[in-house]
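Below is one structure, written out as structure tokens; the observations come after it.
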2 protein chains.
Amino acid sequence: MTHVARMAMQQKQGDAMYEDYYGNLITSLAMANDKKIVLLVMDGLGDAPNATGKTPLQAAIKPNLDALAGQSACGLLVPVATAVTPGSGPGHLGLFGYDPLIYQVGRGVLSALGVEFPLEDRDVAARLNFCTIDKSGNIADRRAGRIPDEENRRVLEKIRKGLKTPAGVEVFFTTEAEHRAVLVLRENNLDDNIGDTDPQHTGVPPLKANRAPYDKSPTAAIAANIIEQVQKMLADEPKANMIVARGFAKHPAWPKFPDRYKVKPAAVAGYPMYRGVAKLVGIPVVAKPTTAQDVCAEAAKAMAEHSFVFAHFKYTDKTGEDGDYDGKVKRIEEMDKALPTLLAAKPDVLIITGDHSTPCVLKSHSWHPVPVLMKAPWLRGGQVAKFDEVNCRGGEIGTIPSRELLPLAMAHAGKLEKFGA
Amino acid sequence: MTHVARMAMQQKQGDAMYEDYYGNLITSLAMANDKKIVLLVMDGLGDAPNATGKTPLQAAIKPNLDALAGQSACGLLVPVATAVTPGSGPGHLGLFGYDPLIYQVGRGVLSALGVEFPLEDRDVAARLNFCTIDKSGNIADRRAGRIPDEENRRVLEKIRKGLKTPAGVEVFFTTEAEHRAVLVLRENNLDDNIGDTDPQHTGVPPLKANRAPYDKSPTAAIAANIIEQVQKMLADEPKANMIVARGFAKHPAWPKFPDRYKVKPAAVAGYPMYRGVAKLVGIPVVAKPTTAQDVCAEAAKAMAEHSFVFAHFKYTDKTGEDGDYDGKVKRIEEMDKALPTLLAAKPDVLIITGDHSTPCVLKSHSWHPVPVLMKAPWLRGGQVAKFDEVNCRGGEIGTIPSRELLPLAMAHAGKLEKFGA
């Protein structure tokens, strides 16, 4: 079969902005071998200088990372597109080689994965907010005074007990945190053509899930019925006396990681969100470490049985979000100290990078490209002296979209056939 | 509404080579704030070395531009695509974030905008050339001996007086220069499916505007009728005894700059062509300065009431087109001296670049990428020492398409939301 024919066989993406030409090409070339690729994601790794003129990566004492940079191809990754700040979902999808502009997932599915709800392909998930409505039915507080988690759980239990489930449909409510929860509907013939009921403003009533143009969806009628029942049940609640829903969505039918790349993958991740994104593309979770030392140890262990290991370290992002520059420096240094455990397992290709930048000066994700190093066979030389945002700019990889990184690692691991005769 | 839904709402571009995915993504993320972006275009800025081995930017004494480069992200812009030399229209559209391969505009519209004809959405415009035909009706001189502007005006006045306007259609003729003029038809139901009548050769007769496959267009019949009348009226003219028309086109229905980027824009430009391109994307013109000092002063003034200011300086291109190396050096130095006036107004993001390169050694536009500097918050450091074609190559921006520059400026100005959760 020719590459063209093989690519033509790939399924079209329903909601895609454009065809996944590059991903399909890589799939058509992928071949299995016993080489092992490790992708270590230091979440939110990229940064910008603070008043000292240095980024946390530039300020950190990190002999192992710098020595690695000197033996690696370095570069900068653009997670989504120039100037675009990625959420964690798109950031990771790019690193997994799934173009985030093609592989867009509904908010409900991300929320369900975030609370580790065992979502099935036939399920429809939505993100819920408890809110407070006044006597005329208008929303007075979109977050119901940010009720504590226990109150969220108590009210959801009340709903579970009182709800008259529509025939044949299973309904699941799961607490996320504070006023946030997840709704999942399960039945064989559900659709997700359902309106957001959250008007995103106060002083107006919630919208109907089955208003036009959603009035032709049987599932929208079921959702609207459930929400009506909930409103009656919560009428006497002081704060959480209503719910609003948004992002109704089904689990997307995307190509699974093992089929796409002919590898046996494993995820090593301590936080639910990142386990969720891994599962979304069919990477099973084998361990849930959180500290740098544990992340490296579990990643090394997972290599024994898997040819691709995604290992996630959260704290570089967390400190960035908190604007905690010294903390971020410390977390980088922790990872640096832990690295020998991972290096001792001798991955054939080792990637260290982030899913996006989280500059401490911004206290949020940002659009800045992310430094990356890839230690691998068949590099060209001329490596950079230090692993940081400025030095990586001059490295062998250059500045590329995140989605091209994993294919590059596969090439260096001998996992991609030649294209054409 | 999700990003996907918002992007789906964007109108499709009829004649585009491909969808405007990136532009629509940026529109879906754009948000208004009070930060101010200034785009100073030094037309034709990029160059190549002459015999001295230096480009005009390298030869110029420009302390302010070099100091700015040391505080800015620098890089190179590719206006249309690698190896492609842009006209002024595409060059500016790229800087405005409109992919020039998607946003292609008919020659007639560009000509009408160039003479500042107040074009309406229902109008059809065409570029006219006076030409000389021989007794058998074949074209002998495609430019009618480059008649002087006064003769152009005299002959057009003769046409205006003699023309029997087709019922309901208004017809406008406007002198451009020498043998060049603009024709505009105005009526509510016009189309632009009209053939070029210029055969682009001598020794053959002009083509018919309503030949097949244009014979189904009512507007083509009107155009053909007008040209027949003109031919009779000009029969006794010694040189300009006929007209040929090309590029019949309507004003394109493109997304307008303020809607696309959620900014309040203003243009400061002394030459009609650049005011025309600004108006084409919905940027109103607020001043018409030409000298470097006036351009900077008017741009600074426009910042008071506008969150995006496009300021245009023509003379770097003009000297390049003339092959006047010393003149281009001098024009760069003039702008350098004028810059403090603009800097004093403290734009949040200041971009200085060109719409394309105009190397003096080529005396024409060229395909060379264009140096750019962007002074902005949240830069990473490692800035370059001088503002020129070679030093910019190693800067933070790297080499990117021109159309990604404005989104990058928006990111640094806090005018773009996060993509995905």
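Read-outs throughout are calculated quantities, based only on the coordinates presented, and are distinct from any laboratory measurement. Quantities reported herein were computed from a predicted structural model and do not represent experimental measurements. Reconstructed Cβ throughout: ideal geometry from the backbone, glycine too, with neighbour counts over all protein chains shown.
Quick notes on this structure:
- Candidates B:Ile283, B:Ile226, B:Ile26: whichever shows maximal mean-square fluctuation once chain B is modelled as a Gaussian network with Cα springs under 10 Å: B:Ile226
- With contacts taken as Cα pairs under 8 Å and at least 6 residues apart, the range A:211-348 reaches a relative contact order of 19 percent.
- Translational diffusion of the range A:188-265, estimated by Stokes-Einstein from the Kirkwood radius over alpha carbon pairs at 4 °C in a medium of 1.567 mPa s, is 87 µm² per second.
- Residues considered: B:Val41, B:Val78, B:Val230. Largest GNM mean-square fluctuation over chain B, using C-alpha springs under 10 Å, is found at B:Val230.
- Label-to-label distances for A:Ala421 across copies, nearest first, come out at 5.1 nm, using points 7 Å from Cα in the beta-carbon direction.
- Alpha-carbon spread of the range A:32-80, three principal axes, descending order, Å: 48, 30, 16
- Here the dipole of the protein assembly as shown is about 480 debye; that uses its Cα centre as origin and unit charges on the Cβ of Lys and Arg (positive) and Asp and Glu (negative).
- For A:Pro347, net neighbour charge (Lys/Arg +1, Asp/Glu -1) across residues whose Cβ lies under 13 Å away: +3
- Contact order, relative form, for the range A:109-250: 34 percent (alpha carbon pairs under 8 Å, 6 or more residues apart, mean separation divided by residue count).
- Cα-based radius of gyration of the range B:242-336 once divided by 2.2 N^0.38 Å, which approximates compact folds: 1.30
- Protection-proxy order for peptides A:326-333, A:267-274, each taking the mean of Cβ atoms within 10 Å per residue, highest first: A:267-274, A:326-333
- Chain B: DSSP helices with Cα axial extent of at least 18 Å and average Kyte-Doolittle hydropathy no lower than -0.5: B:218-233
- Shape analysis of chain A based on the Cα gyration tensor places the equivalent ellipsoid semi-axes at 41, 26, 18 Å, largest first.
- Ranking of B:Thr290, A:Thr316, A:Thr399, A:Thr132 by count of other Cβ atoms within 10 Å, fewest first: B:Thr290, A:Thr399, A:Thr132, A:Thr316
- The mean number of Cβ atoms from other chains found within 10 Å of a Cβ in peptide B:129-136 is 0, as a whole number.
- Under the Debye formula (equal points on every Cα, no solvent term), log10 I(q)/I(0) of the range A:96-192 at q = 0.10, 0.12 Å⁻¹: -0.33, -0.47
- Relative contact order %, chain A, counting alpha carbon pairs below 8 Å whose residues are six or more apart: 31 percent
- Remark on chain A: A:Cys131, A:Cys296, A:Cys360 stand apart, with no other cysteine beta carbon under 4.7 Å.
- Calculated mean residue ellipticity at 222 nm for chain B: -9000 deg cm²/dmol, from DSSP H runs with n ≥ 4 weighted as -39500 (n - 2.57), summed, divided by the residue count and rounded to 500.
- Whole-number Å³ per residue for the convex hull built on Cα positions in the range A:109-250: 97 Å³
- As a proxy for reagent exposure, ranking A:Ser136, A:Ser364 by other Cβ atoms within 10 Å from fewest up yields A:Ser136, A:Ser364.
- Amide H contacts of B:Phe419 (H built 1.01 Å from N, in plane; Pro and chain starts excluded): A:Thr85, A:Gly87 sit under 5 Å, all sequence-distant by 5 or more or on other chains.
- Its residue count N fixes a reference of 2.2 N^0.38 Å for the range A:140-223, and the Cα radius of gyration divided by that reference is 1.19.
- Computed about the Cα centre, the dipole magnitude for chain B is approximately 380 debye when only Lys and Arg (+1) and Asp and Glu (-1) carry charge, each at its Cβ.
- Principal semi-axes in Å for the range A:291-417 [√(5λ), Cα gyration tensor, largest first]: 24, 19, 13
- Kirkwood hydrodynamic radius of the protein assembly as shown, from inverse mean 1/r over distinct Cα pairs, in Å: 30.2 Å
- Build a GNM of chain A with springs between Cα atoms under 10 Å apart, and of A:Asp215, A:Asp348, A:Asp47 the one that fluctuates most is A:Asp215.
- With label points defined 7 Å past Cα in the direction of Cβ, position A:Pro199 shows copy-to-copy spacings of 6.9 nm, given to one decimal and shortest first.
- For A:Asp20, distant residues with modelled amide H under 5 Å away: A:Gln13
- 7 Å along Cα→Cβ, label-point gaps from B:Glu19 to other copies, nm, shortest first: 1.3
- The trypsin sites (Lys or Arg not before Pro) of the range B:199-304 that meet both conditions, a loop assignment by DSSP and at most 12 other Cβ atoms within 10 Å of the site Cβ, are B:Arg211, B:Lys216.
- Centroid-to-centroid separation of the range A:222-281 and the range B:134-155 [C-alpha atoms, Å]: 72 Å
- Amide H contacts for A:Gly398 (H built 1.01 Å from N in the peptide plane; partners 5 or more residues away or on another chain; cut-off under 5 Å): A:Leu76.
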